[in-house]
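Student: Supplied in structure tokens, the structure appears directly below.
The values are calculated or read from the model by the stated rules, or taken from the named source; none is laboratory data. As the structure is a computational prediction, the values presented were derived from the model and not from experiment. Cβ atoms come from the backbone with ideal geometry, glycine included; neighbour counts cover every protein chain shown. The area values use the complete protein model at the heavy-atom level, side chains included, leaving out ligands, DNA and RNA. Shrake-Rupley method; radii C 1.70, N 1.55, O 1.52, S 1.80 Å.
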Amino acid sequence: MLQKDIFKLEEKRLEQEIKKRRVKRVLLQLPNGLKPNSPSLAAAIERAGATAIISGDPCYGACDIAIAEAQELKADLIVHYGHTMMLERTKVPVIYFEAHAKIPNKKVIKKAIKLLKPWKRIGLVTTIQHIENLDEARSMLFSAGKDVYIGNSCDTLYPGQILGCNYLNAKSIALNVEAFLFLGGGRFHPLGLALATMKPVVAADPFEKKVYSLNDDVNRMLRRRWAEIEEARKAEIYGIIVGLKPGQNRLEAAVKVREELKRKGKKVYLLALREITPTSLDHFSVFEAYINTACPRISLDEPSIFSRPVLTLREAYVMLGKIRWEDLLEEGII
Ligand code: SF4
């Protein structure tokens, strides 16, 4: 199946937007999974009268809008696929195309309902790709006798929507529910959901047509996080990672945690990175541990890809004795 058969790419709307805005040069940005569609989307932009430039760099989220690149290329518009808006008032205007999935969900939801048997009160969450299918899932759960909760406490997200680093909608209903149903592909979001809410999570993946529980993944991850905190505690020299992607830059938080570590007599350096990879960190073999103030999910990758501990900011405060591990678990690790 081609991706244009799986995702709504709205080529007509794309052409209309370009014509309406009378822009001359457009930077087209897509997550890796949608990149094979870039030639046909670039052609749609060019049919509408603008020059299209495809961004070939990786793009993992709405935090990662290619603003500096668009400025460098003198593009007067960024067309961004696959995410909802996170950054307001960008220096180059951005139009978002959400790329909703158009694959059937019924069978996989039915299977998930069987796994949800032990629980009555269910929180329902999804990613932007399946937001149109939330009502169908809600009705099916309801018909199966479940009480269904959908969180709506985040201005920038649709009701029930989560991001890899934003689980506000799920957290807002966590006290009301016994378990969550996540509708969507991959383990990344349901694992984040389980770590953010500390509730049982059942994932229904309509792409793979699979359902599964995240229990084992969570237990494994928590054991590993605690081990990394303990290992990082022994370090004498730290690198504090500052993210250079527009939605990941938390320089102030980085400076603050650096001061805390210095007060403990540690040597601490600020380290700015765009892509945080094992290769980029391995060049700094002098650092015995890292505190990551950029995307928290880089620290929580499964399995760990780094040779040294890479703590999230909140884990760093556990290491410093400012937050109790038990409290972190209670509030959710993300
Ligand atoms: Fe995704 Fe990380 Fe960006 Fe959040 S910060 S949107 S998890 S890439």
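Student: Which value, in Å to one decimal place, does the Kirkwood hydrodynamic radius take for the stretch 198-334 when every pair of different Cα atoms is included? Spell out each step's value before the answer.
Tutor: Working: mean 1/r = 0.0633 Å⁻¹.
The Cα-based Kirkwood calculation yields 15.8 Å.
Student: Within the set of other residues whose C-beta is less than 13 Å from the C-beta of Y167, count the net charge using Lys and Arg as +1 and Asp and Glu as -1.
Tutor: Details: positive: K171, K199, R297; negative: E331.
It works out to a net charge of +2.
Student: Using a 1.4 Å probe and ignoring any ligands, DNA or RNA, find the accessible area of V92 and quote it in Å² to the nearest 10.
Tutor: Accessible area, nearest 10 Å²: 10 Å².
Student: Which translational diffusion coefficient, to the nearest whole µm²/s, is obtained for the stretch 127-254 from the Stokes-Einstein equation, given a Kirkwood hydrodynamic radius over C-alpha pairs, 20 °C and 1.002 mPa s?
Tutor: On the way: Rh = 16.6 Å.
Approximately 129 µm²/s, per Stokes-Einstein.
Student: Going by the alpha-carbon gyration tensor, a ≥ b ≥ c the square roots of its eigenvalues, is the stretch 197-246 rounded (a/c under 1.5) or, if a/c is not under 1.5, prolate (a/b greater than b/c) versus oblate? Before the final figure, lay out the partial values.
Tutor: Working: a/c = 3.81, a/b = 1.77, b/c = 2.16.
In terms of gyration-tensor shape, oblate.
Student: I would also like to ask the following. Using Cα centres only, tell me the gap between the stretch 19-61 and the stretch 280-320 in whole Å.
Tutor: 34
Student: Among the aspartates and glutamates, which fall within straight-line cross-link reach of K264, defined as a Cα-Cα distance under 20 Å, with same-chain neighbours fewer than 8 residues apart omitted?
Tutor: Hits, sequence-local ones excluded: E228, E230, E231, E236, E252, E288, E315.
Student: Size of the dipole of the stretch 107-226 about the Cα centre, Lys and Arg at +1 and Asp and Glu at -1 on the beta carbon, nothing else charged, in debye to 20?
Tutor: Details: 18 positive and 10 negative charges, 116 e Å.
Here the stretch 107-226 has a charge dipole of around 560 debye.
Student: Another one. Any chance you could list the semi-axes, whole Å, largest first, of the equivalent ellipsoid that the Cα gyration tensor gives for the stretch 1-55, using √(5λ)?
Tutor: Details: eigenvalues 78, 30, 12 Å².
Working from the Cα gyration tensor, I get semi-axes of 20, 12, 8 Å.
Student: Can you tell me the accessible area per residue over the chain, all protein chains present, probe 1.4 angstrom, in square angstrom?
Tutor: Numbers: 16130 Å² over 334 residues.
Solvent-accessible surface per residue comes out at 48 Å².
Student: While we're on this one: Mind listing which trypsin sites (Lys or Arg not before Pro) in the stretch 257-310 are in a DSSP loop and have 16 or fewer other Cβ atoms within 10 Å? Don't skip to the answer; put the middle values down first.
Tutor: Details: sites: R258, K262, R263, K264, K266, K267, R274, R297; in loops: K264, K266, R274.
In loop regions of the stretch 257-310 (DSSP not H, G, I, E or B), the sparsely surrounded trypsin sites (Lys or Arg not before Pro) are K264, K266, R274.
Student: So which chymotrypsin sites (Phe, Trp or Tyr not before Pro) in the stretch 240-334 pass both tests, a DSSP loop state and at most 14 other Cβ atoms within 10 Å of the Cβ? Write down the numbers at each step before the final one.
Tutor: Details: sites: Y269, F284, F287, Y290, F306, Y317, W325; in loops: F284, F287, F306.
Listed in order of number, the matching sites are F284.
Student: Also: For I54, list long-range residues whose amide hydrogen, built 1.01 Å from N in the peptide plane, is under 5 Å from its own amide hydrogen.
Tutor: It is L28, by chain and number.
Student: A follow-up question, please. State whether the chain is rounded, prolate or oblate according to the following rule on the C-alpha gyration tensor (a ≥ b ≥ c being the square roots of its eigenvalues): a/c under 1.5 gives rounded; otherwise a/b larger than b/c gives prolate, and the remaining case gives oblate. Mind dumping the intermediate values first?
Tutor: Details: a/c = 2.17, a/b = 1.11, b/c = 1.96.
Oblate, because a/c is 1.5 or more while a/b does not exceed b/c.
Student: If you don't mind, there's one more thing I want to ask. Report the Cα-based extents of the stretch 14-167 along its three principal axes, largest first, to the nearest Å.
Tutor: Projected onto its principal axes, the Cα set of the stretch 14-167 covers 56, 27, 27 Å.
Student: Sticking with this structure for a sec: I need the phi-derived Karplus couplings for the stretch 300-317: 6.51 cos²θ - 1.76 cosθ + 1.60, θ = phi - 60°, integer Hz, Gly and Pro marked x.
Tutor: 9, 5, 10, x, 4, 9, 9, 8, 10, x, 10, 7, 6, 4, 5, 5, 4, 6
Student: Which shape class, rounded, prolate or oblate, goes with the stretch 56-141 when its Cα gyration tensor gives a ≥ b ≥ c as root eigenvalues, a/c under 1.5 marks rounded, and past that a/b bigger than b/c marks prolate?
Tutor: Working: a/c = 3.55, a/b = 3.12, b/c = 1.14.
Verdict is prolate for the stretch 56-141.
Student: Counting Lys and Arg as +1 and Asp and Glu as -1, each charge on the Cβ, what is the dipole of the chain about the Cα centre in debye, to the nearest 20?
Tutor: On the way: 52 positive and 40 negative charges, 74 e Å.
It works out to roughly 360 debye.
Student: Once the other residues with Cβ under 15 Å from the Cβ of K106 are scored (Lys, Arg +1; Asp, Glu -1), what is the net sum? Write down the numbers at each step before the final one.
Tutor: Values: positive: K102, K107, K110, K111, K114, R138, K209, K210; negative: E132, D135, E136, D205.
In short, +4.
Student: Once the Cα atoms of the stretch 14-84 are picked out, what are the Rg and Dmax in Å?
Tutor: Cα radius of gyration and Dmax of the stretch 14-84 are 11.2, 29 Å respectively.
Student: Suppose the Debye formula is applied to equal point scatterers at every Cα of the stretch 215-291; what is log10 I(q)/I(0) at q = 0.18, 0.19, 0.24 Å⁻¹?
Tutor: Here log10 of I(q) over I(0) equals -0.84, -0.91, -1.16.
Student: Could you list, in their original order, any pairs among K102/K210; K120/K171; K106/K146; K35/K199; K19/K74; K117/K199 whose Cα atoms are separated by more than 24 Å?
Tutor: Numbers: K102/K210 17 Å; K120/K171 18 Å; K106/K146 16 Å; K35/K199 34 Å; K19/K74 18 Å; K117/K199 15 Å.
Correct reply: K35/K199.
Student: Relative contact order (percent) for the stretch 93-162, with alpha-carbon contacts under 8 angstrom and 6 or more residues of separation? Before the final figure, lay out the partial values.
Tutor: Working: 73 pairs, mean separation 24.6, N = 70.
It rounds to 35 percent for the stretch 93-162.
Student: What does the charge count near A196 come to, summing +1 for each Lys or Arg and -1 for each Asp or Glu among other residues with Cβ under 13 Å from its Cβ?
Tutor: On the way: positive: K171, K199, R297, R314; negative: E330, E331.
Overall, the nearby charge balance is +2.
Student: If N is the number of residues in the stretch 161-233, what value comes out of its Cα radius of gyration divided by 2.2 N^0.38 Å? Don't skip to the answer; put the middle values down first.
Tutor: Values: Rg = 13.0 Å, N = 73, 2.2 N^0.38 = 11.2 Å.
Against the compact-globule rule of thumb, the ratio is 1.16.
Student: Pop out the carbon and sulfur fraction of the accessible area of the chain as a percent, whole number, probe 1.4 Å. Can you show the working numbers first?
Tutor: Values: 8560 of 16130 Å².
Answer for the chain: carbon and sulfur cover 53 percent of the accessible area.
Student: Can you list the GluC sites (Glu not before Pro) in the stretch 279-334 that are in a DSSP coil and have 14 or fewer other beta carbons within 10 angstrom? Spell out each step's value before the answer.
Tutor: On the way: sites: E288, E315, E326, E330, E331; in loops: E288.
The qualifying sites: there are none.
Student: Another question about this same structure. Over all distinct alpha-carbon pairs, what is the Kirkwood Rh of the stretch 110-191 in angstrom?
Tutor: Working: mean 1/r = 0.0794 Å⁻¹.
Taking the inverse mean of 1/r over all distinct Cα pairs, the stretch 110-191 comes out at 12.6 Å.
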